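Quick notes on the structure that follows.
The values are calculated or read from the model by the stated rules, or taken from the named source; none is laboratory data. These numbers were taken from a predicted model, which means no experiment stands behind them. For neighbour counting, all protein chains shown are included, and Cβ atoms are generated from backbone atoms with ideal geometry for every residue, glycine included.
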Amino acid sequence: MKILVTGGCGYIGSHTVIELLENNYEVIIIDNFSNSKRDVLDKIKIITNKNFIFYEGDVCDNSILEKIFSENFIDGVIHFAGFKAVGESVEKPLMYYRNNLDATLSLLETMNKFNCKKIVFSSSATVYGDAKEAKFVETIKKGTPSNPYGKTKTVIEDILEDLYTSDPTWSITMLRYFNPVGSHASGLIGDDPSGIPNNLMPYILRVAVGELECLTIFGNDYDTPDGTCIRDYIHVVDLAKGHIKALDQLFNLESGIKIYNLGSGKGVSVTEIVTTFERVNNLKLNYRYGERRSGDLPNICADPSLALKELNWKTEKTLEDMCKDAYNFIQMQKNSIKGD
Ligand code: NAD
Ligand code: UDP
């Protein structure tokens, strides 16, 4: 089976490409390196010892997509390409709507044209908005995300639903990710955002290696057991494996539209992740408690039981694994920079 992976050089995309290759899928990647580095391609080859096809280009550009679909018989698509920084999306909403929506529309138009109607889409827990449920289950009505990034995810889910209503021969799976962290065990690939990170784990890593001075934990006066926010962290390798299960299902079903939460179902507080990171990596992190960050919800956790029931998927890696693998990655990065 030949799978087109849009955004396959990014954090989740690259881990998923590895799982695809290891499961004997043939892979074609398109990426424009707007948020990734070219050397990821070599690293995927080193890790898997397998080859794949790569096109450098913008998924918003119908002409390159048509070229890819004309040159390859593609059985299905995993669509990761998009911008993902919440704060940046507030500052540059047009850039976010343009990229995330155009990329999806161009892709779906081209897939339609070439009669390739199987797609897995990277959605997010953000589509639940500020739902009050202790655990988010797929049947909760979608909410209103507080930022343009999140809104692009709800709009794309709506587009996919409308597409399926208009043509039920499509097979569409939307995966709502919770908080992906960690890295491949090789330490060669991982989440390495440029500039000062917004997300918790990349920030912790920069403090751990001395590139940033101190982690601020945003708020310790929430209505949670230790006062800090709770999230459902998921190891990126578990997440990548979820895509293989989703694809397997996509190729077994005639057609259909599905939504699955990919999370562990276990809430972890910010303080808990910090202390776990210190313990498993045998170090002290410099951190302080600060003001709440605007827009943060106190408690976000998946109910992942549908993915277990229908995809036979559940997380296998622990919080300890996430903290160890993430730290291994940043150390390998630092060492390779020193060695350059
Ligand atoms: P990432 O930024 O690391 O990867 C996205 C990749 O897509 C990058 O390699 C980037 O260069 C590429 N890209 C972006 N726009 C493109 C375009 N128009 N044409 C070609 N390539 C393009 O992000 P990620 O963390 O791997 O996330 C992948 C997907 O999962 C995104 O759609 C994101 O919104 C979604 N998601 C991520 C998280 C998370 O916390 N990381 C959570 C929920 C959902
Ligand atoms: N967080 C924090 N300090 C940071 C970054 C994040 O305390 O420097 C907290 C944030 O308030 C949230 C959790 O860590 O409760 C996860 O934040 P992240 O941005 O990684 O993901 P989100 O769930 O907001 O998408």
Scope region 146-176; condition touching a helix residue (DSSP H, G or I) at 6+ places or on another chain (Cβ under 6 Å) and more than 25 Å from V86 (Cα to Cα); matching residues:
W170, S171, I172
Keeping to region 128-177, report how many residues are among the aliphatic types (A, V, I, L, M) and under 15 Å from L101 (Cβ atoms).
5
Taking the residues in region 120-148 that are more than 12 Å from ligand 2 (Cβ to nearest atom), modelled with pLDDT of 95 or more and among the small types (G, A, S) as candidates, determine which candidate is surrounded by the fewest Cβ atoms within 10 Å (Cβ to Cβ).
S123
For region 299-320, give me each residue that is surrounded by 18 or more Cβ atoms within 10 Å (Cβ to Cβ) and either farther than 16 Å from N261 by Cα or touching a His at 6+ places or on another chain (Cβ under 7 Å) (or both).
T315, K317, L319
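Yes/no matrix, rows are residues, columns are (1) touching a residue at least 40 places away in the same chain (Cβ under 8 Å); (2) under 27 Å from A185 (Cβ atoms); (3) among the aliphatic types (A, V, I, L, M):
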| site | (1), (2), (3) |
| --- | --- |
| E26 | no, yes, no |
| E56 | no, no, no |
| F73 | yes, no, no |
| K84 | yes, yes, no |
| G87 | yes, no, no |
Hey, does region 81-88 have a residue that's surrounded by 15 or more Cβ atoms within 10 Å (Cβ to Cβ), away from ligand 1 (no atom under 12 Å from the Cβ) and within 29 Å of G263 (Cβ to Cβ)?
no
Which of (1) within 16 Å of ligand 2 (Cβ to nearest atom); (2) of a type in the set (S, T, Y); (3) within 24 Å of P304 (Cα to Cα) is the odd one out, the single condition T173 does not satisfy?
(1)
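Given the residues S34, S14, which is the only one that is out of contact with any helix residue (DSSP H, G or I) (no Cβ under 7 Å at 6 or more places or on another chain) and either in a loop (DSSP other than H, G, I, E, B) or small (G, A, S) (or both)?
S34
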From the options G143, G129, residue that is in contact with a Phe, Trp or Tyr (Cβ under 6 Å, 6 or more places away or on another chain) and more than 21 Å from I12 (Cα to Cα)
G143
Quick check: is even one residue across region 148-169 over 20 Å from G7 (Cα atoms), in contact (Cβ under 8 Å) with a residue 24 or more places away in the chain and basic (K, R)?
no
How many residues does region 201-215 contain that are touching a Phe, Trp or Tyr at 6+ places or on another chain (Cβ under 8 Å) and over 17 Å from T271 (Cα atoms)?
1
Applying the selection to region 42-57, what residues are touching a Gly at 6+ places or on another chain (Cβ under 9 Å) and part of a helix (DSSP H, G or I)?
I44
